[in-house]
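Written out below as structure tokens is the structure these notes cover.
The values are calculated or read from the model by the stated rules, or taken from the named source; none is laboratory data. Nothing here was measured: the structure is a model prediction, and the numbers come from that model. Neighbour counts run over all protein chains shown; Cβ positions are idealised from the backbone, glycine included.
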Amino acid sequence: MSKMGKIPVQIPEGVKVGVKGATLLVEGKHGRLTQAYRSDRVKIAVTDDQVMVTRKGEGKEYRAFHGLYRSLVANMVHGVSQRWEKELLVKGLGYRARLQGKKLILDLGYSQPVEYAIPEGVEIEVASPTEISIRGADKQLVGQVAAKIRAFRKPEPYKGKGVRYKNEEVHLKAGKLGSAGGVG
């Protein structure tokens, strides 16, 4: 039995979980999520306060889907009840972020500011010009948005300028060591 797969997912108050055909529906105060699953590989049973995922066979693929769908269910339940959050930091002279309607505007040292349209289901907050918070019910979407924003200007290894995750460590390189006393 899968270590994670055999643990039932507890359903907090205010969250509704349902199975309709081969689709799992999770609804809570922060949104509604749906996930298709392989009903030929796993069975998802919903009781009053927990969701149990069981596999229908003992092969390698059955075991893989067992753990996968249990994790997806747990992530969906957490997302609709508490939301997922990623925080980014903008470092560099003149680098900053600001919101303008449904767009995130980033000044990252390019000749033009980078405009990013905020997708549906994600909330972005700019607490200061150098801090960006991304929140949403869908863990995958929140992570994808954070990765896309970070990709506009990844942290460079010499001065550390760019967009990074809040807890990310950027290992700085020493740079060039010039000769002492000029040319020659």
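Within segment 1-28, residues that are in contact (Cβ under 8 Å) with a residue 12 or more places away in the chain and closer than 13 Å to GLN50 by Cα sit with their Cβ atoms under 6 Å from residues that are β-branched (Val, Ile, Thr) and in a loop (DSSP other than H, G, I, E, B), at 6+ positions apart or across chains, in these pairs: VAL17/ILE11.
Regarding GLU115, is this residue at pLDDT 95 or above and over 30 Å from ALA36 (Cβ atoms)? So GLU115 passes the test.
Residues in segment 119-174 that are within 14 Å of the chain's Cα centre (by Cα) and of a type in the set (Val, Ile, Thr): VAL122, ILE124, ILE132, ILE134, VAL142, VAL145, ILE149.
Quick one: which of VAL90, VAL53 is surrounded by 15 or more Cβ atoms within 10 Å (Cβ to Cβ), in contact (Cβ under 8 Å) with a residue 24 or more places away in the chain and under 14 Å from ILE134 (Cα atoms)?
VAL90
Has segment 164-180 got any residue that is surrounded by 14 or more Cβ atoms within 10 Å (Cβ to Cβ) and at pLDDT 95 or above? Taking every residue of segment 164-180 in turn, at least one turns out to be surrounded by 14 or more Cβ atoms within 10 Å (Cβ to Cβ) and at pLDDT 95 or above.
When segment 150-164 is filtered for residues that are out of contact with any strand residue (DSSP E or B) (no Cβ under 6 Å at 6 or more places or on another chain) and not in a loop (DSSP other than H, G, I, E, B), the ones remaining, listed by number, are ALA151, GLY162.
Cβ-Cβ contacts under 8 Å between residues 6 or more apart (or on different chains), taken from a first residue in segment 145-166 that is in the same structural domain as GLY109 (by TED's automatic domain parsing) and on the phi < 0 side of the Ramachandran plot to a second residue that is acidic (Asp, Glu) and in a loop (DSSP other than H, G, I, E, B), are listed as PRO155/GLU168. Put simply, of GLY21, GLY14, GLY59, GLY67 the only residue that is within 24 Å of the chain's Cα centre (by Cα), modelled with pLDDT under 95 and surrounded by fewer than 13 Cβ atoms within 10 Å (Cβ to Cβ) is GLY14. On the basis of being of a type in the set (Gly, Ala, Ser), closer than 25 Å to GLU120 by Cα and assigned to a loop (DSSP other than H, G, I, E, B), does GLY14 make the cut? Spelling it out, GLY14 is indeed of a type in the set (Gly, Ala, Ser), closer than 25 Å to GLU120 by Cα and assigned to a loop (DSSP other than H, G, I, E, B). Looking only at residues of segment 35-48 that are exposed (fewer than 13 other Cβ atoms within 10 Å of the Cβ) and out of contact with any Lys or Arg (no Cβ under 9 Å at 6 or more places or on another chain), we find that the one that is nearest to ARG83 (Cα to Cα) is ALA36. Please verify whether VAL26 is assigned to a strand (DSSP E or B) and surrounded by 20 or more Cβ atoms within 10 Å (Cβ to Cβ), treating the condition exactly as stated. Here the answer is yes, as VAL26 does meet what is asked. For segment 1-27, give me each residue that is of a type outside the set (Gly, Ala, Ser), farther than 16 Å from HIS66 by Cα and out of contact with any strand residue (DSSP E or B) (no Cβ under 6 Å at 6 or more places or on another chain). Correct list: PRO12, GLU13, LYS20.
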